[in-house]
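Just so it is clear, none of the values below were taken in a lab; they were calculated from the coordinates. Just so it is clear, the model here is predicted, and its values are computed rather than measured. Neighbour counts are summed over all protein chains in view; Cβ atoms, including those assigned to glycine, are modelled from backbone coordinates with ideal geometry.
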Amino acid sequence: MNNRILDHPVLGKLSDQTEIEFTFDGKTYKAYEGDTIASALLANGVRKLRVHEESKTPRGIYCNIGHCFECRVTVDEAAGVRACLTEVKAAMVIESGKAEPVPFDQSNPDDMPRTYAEFNEKAKGSKEDDSHV
Amino acid sequence: MDKVIICRCEEVTLEDIKNTAEKHHCSAREVKLRKRAGMGYCGGRTCRPALDTVLQEVTGEVPGDDMPLKVQPPVRPVTLSVLGGQKQS
Amino acid sequence: MYDVVIIGAGPAGLSAAIACREWDLHVIVIDEFPKPGGRLLGQLHQEPSGEWWNGIEETKNLLDKAKEYNTEIQCGTSVHNVEKTSNGFSVHTNKGMFYGENLLIASGAAETAAPIPGWTLPGVMSIGAAQVMTNVHRVRVGKKGIVAGVNVLSAAIARELQIAGVELHSMALPAANSVTKNESDPKKVMDGLVRIAHLAPSPFLRFGSKFAKAAWVRDIAVKFYPKGGVKMWGMPIHIRKAIVSINGTEQVESVTICNVTPDGEPVPGSEKTVEVDFVCIAGGLYPLAELASVIGCPFQYIEELGGHIPVHNEQMETPVNGMFVAGNITGIESAKVARAQGKLAGLSIVKHRIKDLADINDKVHEALNEVKETREKASIQFHPGINEGREKVNKAFNDYQQTT
């Protein structure tokens, strides 16, 4: 947690904090009680909280007050939890947001299947790890 | 420069929005339906003012007293269990 | 069934709750952030008088008062829908339903985006996000950053980051595109800068502020703007440099900046790379009025107040019977104004409920004057036309009452 502002010239010292432990993507981190998931991870230097479900581009906190939903993570198996609004608790298991399978190439709308038969035909050619098809 | 993403949730670029608005001469709502800009997880909270500004430039759609993109409940994504009346712990 | 459900535990919501509790109304305040205080929590600046405005202390004062009156405050509660019923309002949240005979929406403001290529990378955040991280969570947002967007809010928060020991390379404009056209126009930005010039110890800006109304002086100031920027508290503020792109693969590694002409056009060949690990996007604030919209409250578009405003009168009452608004949802102003508006809204609700009480009219009148005085005395004005904007909303309310 070396990104802490322990001593602030106006707000004073940060003292008497209770340390707790949690995991993010299987790795254990320390937090202060009262931290949000977002602040605890950033204090540990973790910026990337998820990838875009479709394009896989990396994302982190953006608004930090619950408006933008960019920081959504999976907490104790509940998905779509805003890291910036959720207080971290001891032994919390947090997972970053992962990419979802993209069953169809949408770059050419004319190639999209129009019937279930076409869909099946298309699905044959899709990747094996594509759990949606 | 127009490759810049405007709607972060759905990764819709300025170019996409401009082209769609020009081609179909359409409202913010129609752009939303065609390109999904403002239709993603955040409900358009992040890109709404940006969309209004682009559309004003392209189609001259001046923001009237009604919001250009209608706000629909739920204004936060909720799980079906919450909609069904269950409280989150 | 509560007498009043208040959405938003910022300065407006909390002071409204206190005012209602003083008159013994049954009140609950709900907010989705884990701590009460709203945007006030993160604020920290030195007033021209030298005194510190400390949002944490100001919040504590409000909370102490609220506690004294046994006010129910529930955080971690997100409202996703509000419905008008025959005898009041149903408020749908992730923690169940809340029912109130009256409703006060004090949901504050959201940040306006100034999109720059690369702004989805981790390490790019809104300026308000950096403020909360720094002052509320006490976490450094990075080793060295840059602020994209020069305005009242970003200058104040950049100063807060500096005080906390977070290094900023500079403040510069976002590159021009269809969305950022106002924030990327050096002349428009200069107009905004001279309004906060009294806060900064820079002779160049103070000189400019004296002539703020003369466009030719402004144009000269923009034309001869120092190459190294004008330093506010030692940090360069550039209005002739723009951030063209934010670069990195997994997170922010650098930004590309370039010189711009007095009209904001990029100067070809002037691009430079600046290594930073965070970027704050500062496009300003707009009233967050989605719940007022969902309930069917009529709106007015008022630029001076920051966008679409739920129609309301001076006493913060909307045309939706029993529904009130206060704080930044009614227009972007300081936390002090929001706090005064909250008290006024609270007393207006009391008046609405207890019509034949002689005392309350005077109290509402006093609170209204307090709002106006606070507005006049504000050291930071978000928009020069606040009063005109307020008059427009009030007129809209009266027009609305006459036509329905």
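Largest first and in whole Å, the equivalent-ellipsoid semi-axes of chain C read 39, 22, 19, each the square root of five times a Cα gyration tensor eigenvalue.
Past 18 Å, Cα to Cα: identify those pairs from C:LYS343/C:LYS395; C:LYS35/C:LYS144; C:LYS227/C:LYS272; C:LYS188/C:LYS241, in the order given.
Details: C:LYS343/C:LYS395 22 Å; C:LYS35/C:LYS144 28 Å; C:LYS227/C:LYS272 14 Å; C:LYS188/C:LYS241 14 Å.
Among C:LYS343/C:LYS395; C:LYS35/C:LYS144; C:LYS227/C:LYS272; C:LYS188/C:LYS241, the Cα-Cα distance tops 18 Å for C:LYS343/C:LYS395; C:LYS35/C:LYS144.
For region A:9-58, relative contact order (Cα pairs under 8 Å, six or more residues apart, normalised by length) works out to 20 percent.
Helices in chain C, meaning DSSP H runs of at least 4 residues, each add -39500 (n - 2.57). Divided by all residues, the mean residue ellipticity at 222 nm is -10000 deg cm²/dmol. Annotation: lysines with alpha-carbon distance below 19 angstrom to B:LYS18 (same-chain offsets under eight excluded): B:LYS3, B:LYS32, B:LYS35, C:LYS181.
Taking other Cβ within 10 Å of each residue's Cβ, how do C:CYS280, B:CYS7 sort, fewest first?
Numbers: C:CYS280 25, B:CYS7 28.
Ascending Cβ contact count within 10 Å gives the list C:CYS280, B:CYS7.
In the elastic network of chain C, a GNM with C-alpha springs shorter than 10 Å, the most mobile of C:LEU40, C:LEU161, C:LEU104 is C:LEU161. Taking chain A as a whole, the Cys residues whose C-beta sits 4.7 Å or farther from every other Cys C-beta are A:CYS71, A:CYS84. Relative to the Cα centre, the charge distribution of chain B, modelled as +1 at Lys and Arg Cβ and -1 at Asp and Glu Cβ, gives a dipole magnitude of about 480 debye.
Computed 3J(HN,Hα) for region C:96-108, one whole-Hz value per residue from the Karplus formula 6.51 cos²θ - 1.76 cosθ + 1.60 where θ = phi - 60°, is x, 8, 10, 10, x, 6, 10, 10, 10, 9, 10, 8, x, glycine and proline marked x. Axis of helix C:186-195 versus longest Cα principal axis of chain C: the two differ by about 60°, to the nearest ten degrees. A simple count of charges around C:ASN387, restricted to other residues whose Cβ falls under 15 Å of its Cβ and scoring Lys, Arg +1 and Asp, Glu -1, yields -1.
With r defined as the distance between the Cβ atoms of C:LEU357 and C:GLU314 and R0 fixed at 25 Å, what FRET efficiency is calculated, to the nearest 0.05? List each step's numbers first, then the result.
On the way: r = 20 Å, r/R0 = 0.78.
The calculated FRET efficiency here is 0.80.
Rounded to two decimals, the Cα radius of gyration of chain B over 2.2 N^0.38 Å is 1.22. Note on the protein assembly as shown: with charges restricted to the Cβ of Lys and Arg (+1) and Asp and Glu (-1), its dipole about the Cα centre is near 1160 debye. Among C:HIS308, C:HIS352, the ranking by other beta carbons within 10 Å of each residue's beta carbon, starting with the fewest, stands as C:HIS352, C:HIS308.
Close Lys pairs in region A:7-110 (alpha-carbon distance under 25 Å; sequence gap of 8 or more, or different chains): 14.
Grab the other residues whose beta carbon is less than 9 angstrom from that of A:LYS30, score K and R as +1, D and E as -1, and report the net. Before the final figure, lay out each step's value.
Working: positive: none; negative: A:GLU19, A:GLU21.
Charge balance near A:LYS30 sits at -2.
How about region C:224-332: which chymotrypsin sites (Phe, Trp or Tyr not before Pro) there lie in a loop by DSSP and see at most 16 other Cβ atoms within 10 Å? Could the numbers behind the result be given before it?
Values: sites: C:PHE224, C:TRP233, C:PHE278, C:PHE299, C:TYR301, C:PHE324; in loops: C:PHE224, C:TRP233.
Here the chymotrypsin sites (Phe, Trp or Tyr not before Pro) that fit, given the DSSP loop and packing criteria, are C:PHE224, C:TRP233.
Summarising the label geometry, the points placed 7 Å from Cα in the beta-carbon direction at C:GLU22 and A:ASN2 lie 5.1 nm from one another. The calculated FRET efficiency for the pair A:MET112 and C:ASP219, based on their C-beta separation and a Förster distance of 41 Å, comes to about 0.15.
Convex hull over the Cα atoms of region C:40-166, averaged projected area in nm²?
Details: hull surface 44.4 nm².
If I average the Cα hull's projected area over directions, I get 11.1 nm².
Calculated on the alpha-carbon coordinates, the convex hull of region C:233-321 measures out at 193 cubic angstrom per residue. In terms of its C-alpha gyration tensor, the protein assembly as shown has a rounded overall shape, because the principal axis ratio a/c (a ≥ b ≥ c, square roots of the eigenvalues) stays below 1.5.
If Lys and Arg each add +1 and Asp and Glu each add -1, what is the summed charge of the other residues whose beta carbon sits under 13 Å from the beta carbon of C:LEU44?
Numbers: positive: C:ARG39, C:ARG138, C:ARG159; negative: C:GLU47, C:GLU51, C:GLU57, C:GLU58, C:GLU160.
That works out to -2.
Distance from the alpha carbon centroid of region A:1-64 to that of region A:75-100 works out to 12 angstrom.
Applying 1/(1 + (r/R0)^6) with R0 = 35 Å to the Cβ-Cβ distance of C:GLU68 and B:ASP2, what FRET efficiency is obtained, to the nearest 0.05?
Values: r = 56 Å, r/R0 = 1.60.
Approximately 0.05, to the nearest 0.05.
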